[in-house]
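The structure appears below as C-alpha cells.
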Amino acid sequence: MRVFVCLVLLSLLCASADMSPILQGGRFAWDAVGGAWDMLRAYRDMREANYKGADKYFHARGNYDAAQRGPGGAWAAKVISDARERWQSGVSGRGAEDTRADQEANEWGRNGHDPNHYRPAGLPHKY
C-alpha cells in the first residue's frame, strides 16, 4: 500500500511540476543532433558530387537544413562550421579569403536564406 501511495504522490508532483525547461533542453539537444546529421549529409553530398564551384552551395545548404530544425540545429551548424573553418584555414592553406567566403555561405544558409543562391549551373538536381 505504501508503494501505491508513493506512486500516486509522485505522479501528482510530476504532473504539477513545470517540466518545460527539461522538455526545452531535450528538444534543443534533439535538434542539435539532427542539425549535425544535416551537416554531415551536406558534406557527404559535396564529396559525392565532386563538382567544381559547388563548395559554397553545400555550406549554405547544410547550415540551412540544420537551422530549419530550430535553435539546437542552428547552434550545431554554427559550432561545426566554425570548427571546420578554423581547422581548414590552419591546415589546408586555402587562405583567409576562402574561409571568409565559406563563412558567408554558412551564415547565409543559417539565417534562412535560400541555399540555391550559391548553386552552380549544371549541378545535378539530385543535390
Report task. Based on the mean of other Cβ atoms within 10 Å per residue, sort peptides 51-57, 119-125 so the most packed one is first. Result -> 51-57, 119-125
**Report entry** Cut-off 11 Å between beta-carbons: net charge of the residues surrounding G34, Lys and Arg +1, Asp and Glu -1
**Finding:** 0
Query - Where a label projected 7 Å from the Cα of N116 along Cα→Cβ would reach, residues of the stretch 46-60 with amide N under 13 Å - result: none
Report summary line: Within the under-12-Å Cβ sphere about G95, not counting G95, Lys/Arg +1 and Asp/Glu -1 give a net charge of -2
Report summary line: Charge tally for neighbours of G73 with beta carbon under 11 Å away, counting Lys, Arg as +1 and Asp, Glu as -1, is +1
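Laboratory data are not the source of any read-out in this text; all were calculated from the coordinates shown. None of these values were measured; they are calculated from a predicted model. Every residue, glycine as well, gets a Cβ built from its backbone with ideal geometry; the counts of neighbours run over all protein chains shown.
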